[in-house]
1. Could you list all residues from segment B:35-66 that are among the β-branched types (Val, Ile, Thr) and either within 12 Å of another protein chain (Cβ to nearest Cβ) or not in a helix (DSSP H, G or I) (or both)?
2. Would you mind stating whether B:Phe290 is aromatic (Phe, Trp, Tyr) and over 21 Å from the mean Cα position of the chain (by Cα)?
3. Restrict the check to segment A:253-265 and report whether at least one residue is within 14 Å of chain B (Cβ to nearest Cβ), buried (at least 19 other Cβ atoms within 10 Å of the Cβ), in a helix (DSSP H, G or I) and among the basic types (Lys, Arg).
4. Do we find that B:Arg247 is touching a Pro at 6+ places or on another chain (Cβ under 8 Å) and among the basic types (Lys, Arg) in this structure?
5. Kindly provide the set of residues from segment B:243-253 that are within 12 Å of chain A (Cβ to nearest Cβ), open to solvent by 30 Å² or more (accessible area, probe 1.4 Å) and closer than 23 Å to B:Tyr169 by Cα, ordered by number.
6. Quick test of your reading of the structure: B:Phe346 fulfils all but one of (1) of a type in the set (A, V, I, L, M, F, W, C); (2) in contact with a Ser or Thr (Cβ under 7 Å, 6 or more places away or on another chain); (3) within 14 Å of another protein chain (Cβ to nearest Cβ). Name the failing condition by number.
7. Checking A:Val71 against (1) modelled with pLDDT of 90 or more; (2) more than 21 Å from A:Met263 (Cα to Cα); (3) surrounded by 12 or more Cβ atoms within 10 Å (Cβ to Cβ), only one condition comes out false. Which one?
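The values are calculated or read from the model by the stated rules, or taken from the named source; none is laboratory data. All figures in this text were calculated on a predicted structure; none of them were measured in a lab. Cβ sites come from the backbone with ideal geometry, for glycine too, and all protein chains shown count toward neighbours. Note: areas computed on protein heavy atoms with side chains; ligands, DNA, RNA excluded. Shrake-Rupley method; radii C 1.70, N 1.55, O 1.52, S 1.80 Å.
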Amino acid sequence: MQSKFPNRWLPLILLLPTIAVCAVFLYYPVAQSFEWSLYRAAFMGLKRIYVGFQNYVRLFTSSDYHKSLVVSLIFAAGVVVIGLSISLAIALLANRKIRGARIYRLLLIWPYALSPAVAGTIWLFLFNPTSGVLTYFTDRFFGFRLDWLTNANLALLGVIVAAVWKNLGYNIVFFLAGLQNVPGEILEAARIDGAGPWKCFWKVTFPLLSPTTFFLFIMNLIYAFFGAFGLIDVMTKGGPVNATNILIYNLYRDAFQHNKWGMASAQSVILFVLVVVLTLIQFRTTGRRVHYGA
Amino acid sequence: MKRFVLFALIALFAFGMALGQDKIKITFWHAMGGWRVPFIERMVQDFNLTHPWIEVTVEYKGSYRDTLNAALAAARAGNPPHIVHSFEVGTQMNLDSGIFVSLEELIDKYGLIVPWEDYIDAALNYYRVGGKLFCMPWNSSNPILYYNKTMLDAVGVEMPRKPTFEDIYEISKKLVEAKVAEYGITWPLHSWFFEQWMANMGVDLVNNQNGRADYATEINLLDPAAIEIMSWWKKLYDEGLWVNPGRENWSQARQIFISGQSAMLISSTSDVTRMENAAVEQGFELGTAFLPISSKYERHGVVIGGGALWVTGNHPDEELEAAATFVVWMTQVAQTIRWHQGTGYFPIRDSAVEILEKEGWFVTHPNHRTALDQLRETKLVTATQGALMGNFLEARTFIEDAIEAILAGTPIETALSEAKAKIDQGLKDYLELVGG
């Protein structure tokens with residue numbers, strides 16, 4: 001299926017715009033992050049002094065940063081595992097041939113269209129310590145009130161729930177697409193061979209879905225590590241006592257609130273390395289077992 | 001003679017119109033969102049109309065932090081806005097960034113007339129560094145206590161005009177025990193209140209005369225006053241008298257008070273108008289009092305919070321002059337009154353207050369009177385002048401972390417000394433960066 005270009009320069013010329021955009025908006029800033037991570041800088045870089053690896057040393061020896069790393073890992077695990085399981089379950093239900101299926105699907109995708117700020121605000125209302133709907137229900141039916149966002153453990157759970165909800169639509173779309181690509185004849189064959197719905201799912205559908213699951217795993221991981229800071233900012237601002245201070249939020253705070261550009265650059269380098277490593281491990285292990293094409 | 005003056009004016013106006021092509025163009029970035037955006041645009045329009053040779057373009061740039069970051073980035077690219085609206089805690093950073101020029105110097109250089117003696121000292125003092133005024137205080141506010149008088153009447157207590165920590169505790173307890181309100185009091189979990197209490201009790205937040213004699217190198221978080229404040233706060237929280245509306249969550253705090261779940265609220269004076277309207281809607285009587293402080297300390301008053309207008313350097317003379325003219329115009333008596341009535345921020349000039357007084361403004365709005373009296377009774381000491389710290393924003397984060405830790409059960413001294421260590425390190429780093 002390989003097609004040939006008439007000469008060797010044409011493909012390069014066609015790629016040039018993409019490369020140029022990437023260079024300006026990706027490679028150059030990345031290179032700059034590496035450079036700045038060796039400086040102590042303030043005022044958007046108007047003033048800076050060279051400090052070598054001091055930023056890294058401080059980060060690696062800071063108990064706050066260690067805590068932030070642990071919080072991030074819990075947050076990412078929560079978002080990926082809970083998010084993918086719920087999305088898959090919902091996608092299976094939405095994939096059934098029932099009346100109004102299209103409307104259900106549309107409604108399920110809706111949360112994804114909201115901006116993180118709006119999603120955060122909605123959950124802020126639900127978790128409101130005095131008049132939130134969730135607070136009201138726990139008070140009404142169980143007789144207690146929870147300080148959802150001001151109690152350290154609950155706050156982390158709260159932001160995970162919000163982050164999962166926010167990304168449900170995205171995951172469901174891909175799972176639905178994946179499910180609809182599962183060939184009916186294989187399922188039929190399995191059924192004729194006497195496999196029940198449970199077995200059909202685990203032995204046929206789930207393996208055939210593995211490229212989608214794998215893709216979503218990576219995307220959710222990236223979302224949990226990089227994309228969730230808007231929600232955190234609206235809901236908890238990293239608190240209480242840094243219980244929801246994930247790495248990306250800590251970075252955002254240092255750069256844009258604390259004016260510590262060198263420190264923030266060092267953190268972005270660490271985060272970059274971390275995600276590269278996680279993705280490589282993922283490709284090496286699970287990636288091999290992914291079935292492409294049916 | 002009169003006709004001549006009229007003729008001259010018309011000629012001048014026509015001349016101005018003719019010059020329209022060569023208007024001096026300056027830009028103004030501010031950080032006030034919501035309904036204030038059109039309000040400010042309207043003020044700028046009026047300036048442009050009355051100053052036909054100048055054209056000010058105004059832009060809302062998001063939060064104070066975003067505005068400052070955008071201005072710094074623009075300055076780095078060689079094209080900064082002429083006027084930048086910045087907050088009080090950014091003062092030291094702004095000074096050290098090197099992109100701003102002293103407003104007082106500009107005013108002297110271009111011979112603009114500003115009756116400084118008419119401005120309220122407490123407002124100017126914050127921005128006077130090394131004897132020089134760097135920027136024009138614009139939206140000035142500080143914290144006061146709001147209370148639901150209807151609820152207080154129900155338990156038969158009266159709020160003193162200058163309440164103490166002990167008063168607040170007693171009143172809260174009565175209200176909650178009588179089940180009149182679910183909570184006694186609330187305020188956002190924000191470092192600002194802590195800073196205000198320190199100042200009000202006469203304690204400098206940082207050393208070197210609150211960072212005004214020289215760069216600060218240490219924060220006074222282990223001062224007995226700090227421990228006093230946190231013990232009181234913790235006690236209120238532990239006994240269910242104060243409810244935590246969340247970190248820096250102003251709107252949540254207001255909503256808890258307005259909906260009657262708490263009987264008292266400490267918030268900014270810029271909320272007065274909003275609170276008055278809300279009280280009418282909700283059908284309760286609103287009262288205001290001074291910021292409560294510990295009875296063991298003498299009352300020193302409040303630090304002026306809010307924002308100021310800064311002028312950036314590196315522009316041609318005519319543009320700098322136009323920028324200074326605009327900034328001065330924004331605090332003319334007429335604009336000050338309009339600003340106060342429209343937004344609730346302080347009228348920062350004595351003559352503006354006099355006019356408001358004559359118009360009976362304070363009779364119909366007694367709560368604005370409380371706020372203004374509190375400001376005018378402020379003693380001019382370094383504590384109330386406000387702290388200067390290059391890493392103020394980071395310090396706030398650490399102070400808020402400490403407050404959360406204390407509420408969650410960490411011993412007060414432990415949490416405060418941890419925060420102090422981090423902030424002191426930040427002060428040291430900052431000094432190495434800008435001064436070392």
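1. Those that are among the β-branched types (Val, Ile, Thr) and either within 12 Å of another protein chain (Cβ to nearest Cβ) or not in a helix (DSSP H, G or I) (or both): B:Ile54, B:Val56, B:Thr57, B:Val58.
2. no
3. Taking every residue of segment A:253-265 in turn, at least one turns out to be within 14 Å of chain B (Cβ to nearest Cβ), buried (at least 19 other Cβ atoms within 10 Å of the Cβ), in a helix (DSSP H, G or I) and among the basic types (Lys, Arg).
4. Yes: the conditions hold for B:Arg247.
5. Within segment B:243-253, just B:Glu248 meets the criteria.
6. So B:Phe346 meets the others, but not (3).
7. (2)
Residue by residue, here is whether (1) touching a helix residue (DSSP H, G or I) at 6+ places or on another chain (Cβ under 6 Å); (2) farther than 27 Å from A:Arg102 by Cβ holds:
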position	(1), (2)
A:Ile172	yes, no
A:Gln180	no, no
A:Trp202	no, yes
A:Pro211	no, no
